[in-house]
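S.K.: Pasting a structure below so you can have a look.
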Amino acid sequence: MILVDKEEKKLMIKSNLQNHDLQLHRYQKDKFGISELVFCPKKSFFIRNGSDIPKPNGKMITGTLFHELNPIAIKDLPGVTNPLFEQECKTEITDEYGTYTITGHSDVLCDEKVMEFKFTKIWKRKPIADYYFYQANAYAFLQDRNEYEIIVIDKDTLQVEIFNGETNQKQFEEVILGNARLAWEALNTDIMPPVGPMYEWECKYCDFFEECKSKKTHDAMKQAGLL
Ligand code: SF4
């Protein structure tokens, strides 16, 4: 029998869960995920710029596992014809720095629309997050559907809320393409994107907070010709 210390076992379990293939290979320099592009473009820069990649937390893992139940969740649902699950969509952009790809997977792609599932805590007084719409809209736009549906499921009670939207090319270009362009340019110039997050809480929970502060100072000095 191999004797393993309890603390060692705890670390092993945590590490096994964190290192399964959820997102470790997602971060190539020239490939951006739609789900990251709804957030701060500076984070997309740090993730690809030699910084430590944040490990998935329990919320991310349960959210991903829950998606395996999507075929069951939509069973016999009206208005869902020929559903396909986890369908990849992508677009390539070429500019002065080369070519990069924006990619993602819609939860459900059917003849009528794209469906995006969110497994979270539904707070009665809180409006649904804008980034859910940006993400679903991007899948619908790239997968040539005129509509999308966001299904929010409360992780404790299974209360379900449904939100609908019409595909909006301008929003895709402004939010998704805009953030990808900022991160791509930063990676090619080594100057951090000039634009930060849409939501203040992103900085509060950001894995790159300290790095971001010192890079800001570094860039300012570089741009002033002091480095
Ligand atoms: S600290 Fe804030 S601005 Fe900096 S990378 Fe994180 S979210 Fe973006």
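Values in this text are rule-based calculations from the coordinates and carry no lab data. Bear in mind that the values here come from a model prediction, so they are computed numbers and not experimental data. Using ideal geometry, Cβ is built from the backbone for each residue, glycine included, and neighbour counts are taken over all protein chains shown.
S.K.: Give a quick list of chymotrypsin sites (Phe, Trp or Tyr not before Pro) in region 80-158 that DSSP marks as loop, anything other than H, G, I, E or B, with at most 11 other Cβ atoms within 10 Å.
M.R.: Answer in residue order: TRP123.
S.K.: Another question, if that's okay. Arrange MET60, MET192 by Cβ neighbour counts within 10 Å, fewest through most, would you?
M.R.: Sorted ascending by nearby Cβ count, the order is MET60, MET192.
S.K.: Got the relative contact order for the chain handy, in percent, Cα pairs under 8 Å and 6 or more residues apart?
M.R.: Rounded, it is 21 percent for the chain.
S.K.: Here's another thing I want to ask about it. Where in region 159-224 are there chymotrypsin sites (Phe, Trp or Tyr not before Pro) that are in a DSSP coil and have at most 15 other Cβ atoms within 10 angstrom of their Cβ?
M.R.: Here the sparse-neighbourhood loop sites are TYR199, TYR205.
S.K.: If you take all C-alpha pairs in region 139-201, what percent of them are over 19 Å apart?
M.R.: It works out to 56 percent of all Cα pairs.
S.K.: Plugging the Kirkwood radius over Cα pairs into Stokes-Einstein for the chain, at a temperature of 4 °C and a viscosity of 1.567 mPa s, what D comes out in µm²/s?
M.R.: 67 µm²/s
S.K.: Now, a different point. Would you mind computing, in nm to one decimal, how far apart the modelled labels at ASN16 and THR64 are, each placed 7 Å from Cα along Cα→Cβ?
M.R.: 1.6 nm
S.K.: Another question, then. Return the long-range amide H neighbours of PHE119 (sequence gap of 5 or more, or a different chain), with a cut-off of under 5 Å between placed amide H atoms.
M.R.: Placed amide hydrogens put ILE153 under 5 Å from PHE119.
S.K.: Then there's this: Rounded to the nearest 500 deg cm²/dmol, what is the calculated helix-only ellipticity per residue at 222 nm for the chain, with -39500 (n - 2.57) per DSSP H run of length n ≥ 4?
M.R.: The helix-only estimate for the chain comes to -10000 deg cm²/dmol at 222 nm.
S.K.: Restricting to DSSP loop positions (anything but H, G, I, E, B) with no more than 14 other Cβ atoms inside 10 Å of their own Cβ, which GluC sites (Glu not before Pro) remain in region 64-100?
M.R.: Here the GluC sites (Glu not before Pro) that fit, given the DSSP loop and packing criteria, are GLU96.
S.K.: How do the peptides 6-16, 101-111 rank, highest first, by the average count of neighbouring beta carbon atoms within 10 Å per residue?
M.R.: Ranking, from highest mean packing down: 101-111, 6-16.
S.K.: Roughly how big is region 42-173's charge dipole about its Cα centre, with Cβ charges of +1 (Lys, Arg) and -1 (Asp, Glu), in debye to the nearest 20?
M.R.: 780 debye
S.K.: Now for a separate question. Placing +1 at every Lys and Arg Cβ and -1 at every Asp and Glu Cβ, with all other atoms neutral, what dipole size does the chain have around its Cα centre, in debye to the nearest 20?
M.R.: The dipole magnitude comes to about 880 debye.
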